[in-house]
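Only the coordinates and a few stated rules stand behind these numbers; no lab work does. Only a predicted model underlies this, so the values are computations on that prediction, with no experimental measurement involved. Here the Cβ is made from the backbone with ideal geometry for all residues, glycine too, and neighbour counts use every protein chain on show.
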Amino acid sequence: MTSTSTTSSPHRDGYVPFPTQTATAYRAAGYWAGRPLGDLLRASARAHPHRPALLDDSGSRSYAEVDVAADRMAQGLLALGISPGDRVVVQLPNVPEFVTVLFGLLRAGIIPVLTLPAHRRAEIEHLAGLSEAVGYIAADRAGDFDYRELATTLRSAVPTLQHVLVLGDPGPFTDLASIPRDGGELPDIDPTDIALMLVSGGTTGLPKLIARTHDDYVYNATASAEVCQLTEADVYLATLPAAHNFPLACPGIIGTVGVGGAVAFTGDPSPENAFASIERHRVTITAVVPPLAQLWCAATEWEAADLSSLRLLQVGGARLAEVNAKEVTPALGATLQQVFGMAEGLLNYTRLDDPAELLHTTQGRPLSPSDEVRVVDSEGNDVAPGAEGELLTKGPYTIRGYYRAPEHNARAFTPDGYYRSGDLVRRLPSGHLVVSGRIKDVINRGGENISCDELEEHLLAHPAVRHAAAVGLPDAALGEKVCAVLVVEGEMPTLVEVKTFLAARGLATYKLPDLLRRRDRLPVTAVGKIDKKALRAET
Ligand code: OOB
């Protein structure tokens, strides 16, 4: 079999490539190594075939075993009639099979569309339709949700869909474990071609598809591994859903495979369960979102577990408040790394040797020397150094456009190729970025703009407050009024108490909440970030 990847292949329709000159420069500078992603597993299997690659409760699988399993998976998928360049929607939980399926698809040149277990019919149907997926690979069920029922609806809604492969009890579909494993040769992979598609974490409208190439994603994972000083002695725990960019390649699963370390999985990030996994597998590094970091820190008071192996806790996906950042090392014994990233590309990391001040108060600095970052005002002009503005970026692993979304791309990217992140940031002289909110996450109270992030940071400093979210509610006189939704421990503070507390912290009067709501928990997105859209709808 030979490669079918040419620029005229149908899967490239709607893909926005890097400009030729830029691509040449990234290659010449060594960012793009011309390696297919599947090669990372191959190289580690050659270098240390007997080292453990995947760990679970029943034992471990060596690099040699996983390497062979991925080849067999690739051959089996091709033998079913799925072709290189075809798209397959993958919706799997955090289990070791995720890795064999992923590398099987990559080696077959079949493009995985990586969706999260929490996605439901609306998202999956949209993503399968948009990508014209020929296949859907899912688990049988999770909790009381049955993915096979979803597959049934999907089959009638998406005309291109021909193959449903199920991990577990297949019901009326094909058992993933039963597909033929004795196929022939694998195709040559063009490293400039699309390797996989991620789903945007965007907070407006339906999710977008983010096509990442072998070249850019190999760099994403290997450069991230370097920043985290990852070696074959490391054990990475996939705590967040594996299909999300953060646990997948920052450095995550793929970065760990690239250095020959071991990957363990947990489908349940509760402290009880995750701490047991850390202890059992001697986990050295994992990634979490801020609400989870907070919960883990608090839980060290009641969960007895040996967490001494954990050297690095990566926290990102949403802003970690300074008060919570300071808790991480005393509570968990691990170094804190703040990670400000996006599926579209740009990754910012605090470095392991950054002073505590930067670790606690910034969201890191760009991964690559060739990441281009601009901080601009609403007219698109660069702001003064240190001033707040929107982050625009381009670089060797940042997309130039969403897949099959020309109209949206005209707004989301500048004519010269910068991605408009929608994030408000300040850049320090060291290059570190401080995220101060989202352009759209502001409350307009009588003409004054209030950053929800800023207000939330102050609310979280209150000793009784565990989680906080600020939302604007319609108001006849002011346009919007400020509502603070709080999850508290013990007694709920009164509005007057909260206002007094915030005023004492020096917050302007117009930013003080007009009303408070108490909740037992805040709604979260598929990856566990606080879901402001859902919260606004229910408040
Ligand atoms: C990560 O990726 P996405 O695509 O789910 O979400 C990206 C957005 C960013 O534009 C920003 O608004 C927010 O999530 N974000 C943060 C943040 N990290 C992400 N906001 C404040 N502080 C942070 N540390 O969330 C993602 C991808 C790779 C690595 C880490 C996170």
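What the table below lists for this structure:
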read-out	value
Packing-based exposure ordering (other Cβ within 10 Å, fewest first) of Glu491, Glu97, Glu149	Glu491, Glu149, Glu97
P(r), alpha carbons of the range 231-308 - 5 Å bins starting at zero, rounded %	3, 17, 27, 26, 17, 8, 2, 0
Candidate lysines - alpha carbon under 19 Å from Lys532, same-chain residues fewer than 8 apart omitted	Lys208, Lys440, Lys481, Lys511
Ratio of the Cα radius of gyration of the range 118-169 to 2.2 N^0.38 Å, where N counts its residues	1.04
DSSP bridge pairs, the range 12-127: antiparallel proportion in percent, nearest 5	50
Set of aspartates and glutamates with alpha-carbon distance to Lys394 below 14 Å, sequence-local pairs under 8 removed	Asp216, Glu344, Asp371, Glu372, Asp416
Antiparallel bridge percentage (DSSP; both residues within the chain; nearest 5)	55
Average Cα contact separation per residue, the range 265-328, under 8 Å, 6 or more apart, as relative contact order %	41
Percentage, to the nearest whole number, of Cα pairs in the range 286-349 over 15 Å apart	48
Directionally averaged projected area (convex hull, Cα atoms, the chain), nm²	24.9
Estimated translational D of the range 1-109 in µm²/s (Stokes, Kirkwood radius over Cα pairs; 4 °C; 1.567 mPa s)	81
Neighbour-count ranking [beta-carbon atoms within 10 angstrom, fewest first] of Arg61, Arg42	Arg42, Arg61
Ordering of 155-166, 205-216, 462-473 by burial proxy (mean other Cβ atoms within 10 Å per residue, highest first)	205-216, 462-473, 155-166
The range 177-247: relative contact order as a whole-number percent, Cα under 8 Å and 6+ apart	24
Using alpha-carbon coordinates, inclination of helix 121-131 to the longest axis of the chain, degrees	50
Extension gain from Val68 to Tyr510, taking 0.36 nm per residue of separation minus the Cα-Cα distance	152.9 nm
Whole-number percent relative contact order across the chain, with pairs defined as alpha carbons under 8 Å at least 6 apart	11
Per-selection Rg to Rh, the range 74-220 - Cα, Kirkwood hydrodynamic radius	0.94
Overall Cα dimensions of the range 373-483 - principal axes, largest extent first, Å	44, 36, 27
